[in-house]
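Colleague: Below is a structure I'd like to ask you about.
The values are calculated or read from the model by the stated rules, or taken from the named source; none is laboratory data. Treat the numbers as computed from the prediction; the structure is a model and nothing was measured. Cβ atoms come from the backbone with ideal geometry, glycine included; neighbour counts cover every protein chain shown. We work out accessible area using only protein heavy atoms, side chains counted, and drop any ligands, DNA or RNA first. Shrake-Rupley method; radii C 1.70, N 1.55, O 1.52, S 1.80 Å.
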Amino acid sequence: MSLHQYRDRISVVLSDIWLSQTPNLEGAARLMADSIARGGLVHLFGSGHSVLPVQDIFPRYGSYPGWRPLMDMRLMWTNVIGSGGAKGLLWLERREGYAHVLFENEPIRSGDVILIFSHGGLNAVGIEVALEAKKRGLSVVAVTSLDNYAKREASHSSGKKLADCADIVIDNCCPAEDSLVTVENWKAPVAASSTVATVTISMALVAQVAAELSKRGKNPPVFVSPNVPGIPKDNNDRVYVEYERSLQRRHGD
């Protein structure tokens, strides 16, 4: 059955992440915790479906200030076709020159970290966000498919792929084609793997950065589900306040 095929193959992807990427996850977590402990931020970026792990890191239950989603509605779909549709999004993320516009008026400073998600690692916007971040003194962590890196030629005018622009690369361990399941009489595979992989990587980073911050004596407020007993009623308000303070400190620099 196709669901069993997906179960088996996504399990291999996740197993490969733990077996091969744990050192890179730990290294990225140390880098991120160092930045947050100094009052810095870990900016999060993805376009298209790679927005999903960005949205799942913060704000959500089980996470904490220090993470900052770098969101742009033009690089997300809000519709299938027409205004806000996937067709326009795919056109824009492949155009060179947009990242500089994206960074305008953003509270980004030297010493921060940026975490960039892109399964393919070839689209212009992800590559240029990484290049612009490095130009501004940020450390760059990329989550991408190294299978795709090996199989595809660079399409950006710099000749670079996302993995070439990062200080730390975390392989999502997904095949270049992303989808995992073959269906009888269908030419194309179905059922993608990269979102499951990247959200798993994201939560592993949230967990490990928390452990690293604890080692450094840092205890930021955690956004907590109301189902957790013994949490003060104003707890989640404290998360918003601390996040707002982290941005206000930028404007005071």
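Colleague: Within the set of pairs 6 or more residues apart or between chains, which connect a residue that is touching a residue at least 40 places away in the same chain (Cβ under 8 Å) inside segment 132-150 to a residue that is surrounded by 24 or more Cβ atoms within 10 Å (Cβ to Cβ) and polar (S, T, N, Q) with Cβ atoms less than 6 Å apart?
Modeller: The qualifying pairs are 143/172; 143/198; 145/172.
Colleague: Which residue pairs have Cβ atoms under 6 Å apart, sit 6 or more places apart or on different chains, and have a first residue in segment 201-217 that is more than 18 Å from residue 20 (Cβ to Cβ) and a second that is assigned to a helix (DSSP H, G or I) and of a type outside the set (S, T, N, Q)?
Modeller: Hits for this filter: 209/29; 209/32; 209/33; 212/29; 212/30; 212/33; 213/33; 216/37.
Colleague: Still on this structure: Would you please name the residue that is surrounded by the fewest Cβ atoms within 10 Å (Cβ to Cβ), looking only at residues in segment 187-206 that are in contact with a helix residue (DSSP H, G or I) (Cβ under 6 Å, 6 or more places away or on another chain) and under 9 Å from residue 174 (Cβ atoms)?
Modeller: The qualifying residue surrounded by the fewest Cβ atoms within 10 Å (Cβ to Cβ) is 196.
Colleague: Sort out which residues of segment 3-39 are farther than 24 Å from residue 121 by Cβ and surrounded by 21 or more Cβ atoms within 10 Å (Cβ to Cβ), and write them in order of number.
Modeller: Hits for segment 3-39 are 33, 36.
Colleague: For residue 158, which of the numbered conditions (1) in contact with a helix residue (DSSP H, G or I) (Cβ under 8 Å, 6 or more places away or on another chain); (2) in contact (Cβ under 8 Å) with a residue 40 or more places away in the chain; (3) of a type outside the set (A, V, I, L, M, F, W, C) fails to hold?
Modeller: Unmet for residue 158, out of (1) in contact with a helix residue (DSSP H, G or I) (Cβ under 8 Å, 6 or more places away or on another chain); (2) in contact (Cβ under 8 Å) with a residue 40 or more places away in the chain; (3) of a type outside the set (A, V, I, L, M, F, W, C): (2).
Colleague: Still on this model: Can you tell which of 246, 202 is touching a strand residue (DSSP E or B) at 6+ places or on another chain (Cβ under 7 Å) and closer than 17 Å to residue 43 by Cβ?
Modeller: None of the others qualify; the one that does is 246.
Colleague: Given the criteria open to solvent by 30 Å² or more (accessible area, probe 1.4 Å), modelled with pLDDT of 95 or more, on the phi < 0 side of the Ramachandran plot and more than 15 Å from the chain's Cα centre (by Cα), does residue 146 qualify? Reasoning before the result, please.
Modeller: Values: open to solvent by 30 Å² or more (accessible area, probe 1.4 Å): yes; modelled with pLDDT of 95 or more: yes; on the phi < 0 side of the Ramachandran plot: yes; more than 15 Å from the chain's Cα centre (by Cα): yes.
So residue 146 fits the description; yes.
Colleague: Return the residues of segment 48-57 that are open to solvent by less than 20 Å² (accessible area, probe 1.4 Å) and at pLDDT below 95; say none if nothing qualifies.
Modeller: Matches in segment 48-57: 48 only.
Colleague: Pairs only if they're at least six apart or on different chains, beta carbon under 7 angstrom, first in segment 224-253 and touching a residue at least 12 places away in the same chain (Cβ under 8 Å), second open to solvent by 100 Å² or more (accessible area, probe 1.4 Å); list them, first residue then second.
Modeller: Final answer for the pair search is 224/61; 225/61.
Colleague: Further question: Just to be sure I understand the filter: pairs with C-beta atoms under 7 Å, separated by 6 or more residues or on different chains, first member in segment 112-126 and without any contact (Cβ under 8 Å) to a residue 60 or more places away in the chain, second member aromatic (Phe, Trp, Tyr). Which pairs pass?
Modeller: Correct list of pairs: 121/149.
Colleague: Just a yes or no: is a residue in segment 161-171 more than 17 Å from the chain's Cα centre (by Cα) and among the basic types (Lys, Arg)? Break it down into steps so the answer makes sense when it comes.
Modeller: Of the residues in segment 161-171, the ones more than 17 Å from the chain's Cα centre (by Cα) are none.
No: segment 161-171 contains no residue that is more than 17 Å from the chain's Cα centre (by Cα) and among the basic types (Lys, Arg).
Colleague: Same structure, new question: Might you check whether a residue that is aromatic (Phe, Trp, Tyr), assigned to a loop (DSSP other than H, G, I, E, B) and open to solvent by 80 Å² or more (accessible area, probe 1.4 Å) occurs anywhere in segment 66-84?
Modeller: Within segment 66-84, one or more residues are aromatic (Phe, Trp, Tyr), assigned to a loop (DSSP other than H, G, I, E, B) and open to solvent by 80 Å² or more (accessible area, probe 1.4 Å).
Colleague: Ok, one more. Here's a check for you: in segment 87-110, which residue that is open to solvent by 40 Å² or more (accessible area, probe 1.4 Å) and of a type in the set (A, V, I, L, M) is nearest to residue 38 (Cα to Cα)?
Modeller: Checking each candidate, the answer is 101.
Colleague: Residue 60 is checked against (1) in contact with a Leu (Cβ under 8 Å, 6 or more places away or on another chain); (2) modelled with pLDDT under 95 and fails just one. What number does that condition carry?
Modeller: Only one criterion is unmet by residue 60, namely (1).
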